[in-house]
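Participant: Got a structure for you, written out below as structure tokens; questions coming shortly.
The values are calculated or read from the model by the stated rules, or taken from the named source; none is laboratory data. Everything quoted here is computed from the prediction, not taken from an experiment. In this analysis, Cβ positions are derived from the backbone assuming ideal geometry, glycine residues included, and neighbour counts consider all displayed protein chains.
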Amino acid sequence: MNPSLRSPRAATRRAHGLLFGKRALALAALALVAAGCGKKPEARPPGPVEVGVITVSPQAVTLTTELPGRVSAFKVAEVRARVNGIVLKRLFTEGSDVKQGQPLFKIDPAPYQAALDSARAQLARADATLASAKLTSERYTELVAANAVSRQEHEDAVAALKKAEADVAAGKAAVDAARINLGYTTVTSPVSGRIGRSGVTEGAYVQAAQATLLATVQQLDPVYVDVTQSSAELLRMRRDLEAGKLQSAGAGKAKVALTTEDGREYGLPGTLQFADVTVDPGTGSVALRAIFPNPRAELLPGTYVRARLAEGVNPAALLVPQRAVARNNKGEPTALIVAGGKVELRNLVTERVIGDAWLVTSGVKPGEQVIVEGLQKVRPGAPVNPVPAGGAKQANAATPGQQAPAGAAR
């Protein structure tokens, strides 16, 4: 077929296709308009969000304070030379345990043995003189009664007797002094404990005038732990006790727990001995001293530790779990409370951390419900359905002995 005769027919088909497409678009537009004119279905309002809550209830809590401190020996004895001389022997092993009275050093005793022998000889001479003077005095007493000697001679005899008696007393004192100095040549331990390194070696010359340090013995069972507490905290605790906010733990119950510098709990409890009566003007703190048993010598003098001291008992403490407490833009602690079936934002006043909870002094009341689960799903004013927190750890399960230092956050 001739291509010239085929072209009009093809053009007619294209025109019919365009017309059909326009009609289809028009029908689709009319359907959309009809659908838009129809009534929209009403959206159902969402129901109250289910949140996990805990009910705050007052409970008795023992409050403690954690303070830094240092270990010090129960007794420290510096062994020093009390006579002059050459050290002949060292009679102990450095770092070993020694007993009270155990010999530690031997100083050359020869000069002091000679001095003792000389003092004894002088005492013997004084004893002989005393015996002669006593006989002379007795004889002159009989002769003066018979006027055989003058009274002056009798008085001289009595005076010679008294002088001889004084010489004997001086001789005895000299013997005692010489014996004491001879005893000092054997240096003994003044206390039982652990001895450190020796300050001198054999052949060293030691002097009493300079009190040469020979060694140091320290008693390590028990040991002291010296800590410092802010005087402001001490005054606050006393005011709380007077106001009845705290109840004293009582005499004999001032127990102290210890954490070593590696973070491990020391297994044996200690007791508080005393609090100093003077405030350090430089630091504004008061010194406290506790005593701890140390049978295995785990605590060495100078070791850094942290001590937890019982302040007293708060009979009506309100504890709120830490996970329920947030911070606002001002850094103030806040919590979401369920009040009348709706969420209410409260500002809290927290005193310290006790276990996994905050001790709250203001902002929440006993019996109120604090949201601990579903916090991210609610806002203040929203209706909620409170249910007991599933598996949530109640605030009253907090362990008082694991609290942070007083005043950690307020």
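Participant: Of all residues being assigned to a loop (DSSP other than H, G, I, E, B) and touching a residue at least 12 places away in the same chain (Cβ under 8 Å) in region 256-271, which is surrounded by the most Cβ atoms within 10 Å (Cβ to Cβ)? Just the residue, please.
Facilitator: Within region 256-271, the match that is surrounded by the most Cβ atoms within 10 Å (Cβ to Cβ) is Y266.
Participant: Scan region 334-369 residue by residue and report those that are in contact with a helix residue (DSSP H, G or I) (Cβ under 8 Å, 6 or more places away or on another chain) and within 14 Å of P383 (Cα to Cα).
Facilitator: L336
Participant: Going through region 74-106 one residue at a time, which ones are on the phi > 0 side of the Ramachandran plot and either part of a loop (DSSP other than H, G, I, E, B) or not assigned by TED's automatic domain parsing to the domain that holds T186 (or both)?
Facilitator: Hits for region 74-106 are G95, G101.
Participant: Check I86 against each of (1) crowded, with 18+ Cβ neighbours inside 10 Å; (2) more than 27 Å from the chain's Cα centre (by Cα); (3) β-branched (V, I, T) and name the one condition it does not meet.
Facilitator: With (1) crowded, with 18+ Cβ neighbours inside 10 Å; (2) more than 27 Å from the chain's Cα centre (by Cα); (3) β-branched (V, I, T) applied to I86, the lone miss is (1).
Participant: Kindly indicate the residue of region 344-370 that is touching a residue at least 24 places away in the same chain (Cβ under 8 Å) and among the charged types (D, E, K, R) and also surrounded by the most Cβ atoms within 10 Å (Cβ to Cβ) among those meeting that condition.
Facilitator: The selected residue is E368.
Participant: If you don't mind, another one. Output the qualifying pairs, or none if there are none: Cβ atoms under 7 angstrom, residues six or more apart or on different chains, first residue in region 132-151 and surrounded by 15 or more Cβ atoms within 10 Å (Cβ to Cβ), second residue of a type in the set (F, W, Y).
Facilitator: Between residues of region 132-151 that are surrounded by 15 or more Cβ atoms within 10 Å (Cβ to Cβ) and residues that are of a type in the set (F, W, Y), the close pairs are V149/Y140.
Participant: Moving on to the next point. Exactly one of (1) hydrophobic (A, V, I, L, M, F, W, C); (2) surrounded by fewer than 19 Cβ atoms within 10 Å (Cβ to Cβ); (3) modelled with pLDDT of 90 or more is unmet by F274. Its number?
Facilitator: F274 satisfies every listed condition except (3).
Participant: Considering (1) surrounded by fewer than 18 Cβ atoms within 10 Å (Cβ to Cβ); (2) not assigned by TED's automatic domain parsing to the domain that holds R236, say which one P301 fails and leave the rest.
Facilitator: (2)
Participant: Could you tell me which numbered condition A326 fails, if it satisfies all but one of (1) within 27 Å of the chain's Cα centre (by Cα); (2) at pLDDT 90 or above?
Facilitator: Exception for A326: condition (1).
Participant: Of all residues in region 332-341 being at pLDDT 90 or above and not hydrophobic (A, V, I, L, M, F, W, C), which is farthest from the chain's Cα centre (by Cα)?
Facilitator: Step by step, filter region 332-341, then rank; the result is T334.
Participant: Follow-up question, since we're still on this one. Looking at R346, is it assigned by TED's automatic domain parsing to the domain that holds Q229 and basic (K, R)?
Facilitator: no
Participant: Counting only residues that are outside any helix (DSSP H, G or I) and touching a strand residue (DSSP E or B) at 6+ places or on another chain (Cβ under 9 Å), which one in region 107-147 is nearest to A177 (Cα to Cα)?
Facilitator: P109
Yes/no per residue for (1) at pLDDT 90 or above; (2) among the small types (G, A, S); (3) out of contact with any strand residue (DSSP E or B) (no Cβ under 6 Å at 6 or more places or on another chain):
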| position | (1), (2), (3) |
| --- | --- |
| P45 | no, no, yes |
| V49 | no, no, no |
| I54 | yes, no, no |
| S57 | yes, yes, yes |
| V61 | no, no, no |
| R70 | yes, no, no |
| G85 | yes, yes, no |
| L91 | yes, no, no |
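Participant: Please determine whether any residue of region 309-322 is under 25 Å from the mean Cα position of the chain (by Cα), of a type in the set (D, E, K, R), closer than 30 Å to E261 by Cβ and buried (at least 18 other Cβ atoms within 10 Å of the Cβ).
Facilitator: Yes; the residues of region 309-322 include at least one that is under 25 Å from the mean Cα position of the chain (by Cα), of a type in the set (D, E, K, R), closer than 30 Å to E261 by Cβ and buried (at least 18 other Cβ atoms within 10 Å of the Cβ).
Participant: Counting just the residues of region 277-298 that are touching a residue at least 40 places away in the same chain (Cβ under 8 Å) and in a loop (DSSP other than H, G, I, E, B), which one comes out surrounded by the most Cβ atoms within 10 Å (Cβ to Cβ)?
Facilitator: N294
Participant: Which of the residues spanning region 351-369 are part of a strand (DSSP E or B) and either under 12 Å from A317 (Cβ atoms) or basic (K, R) (or both)?
Facilitator: Passing the criteria: E351, R352, I354, A357, W358, L359, V360, T361.
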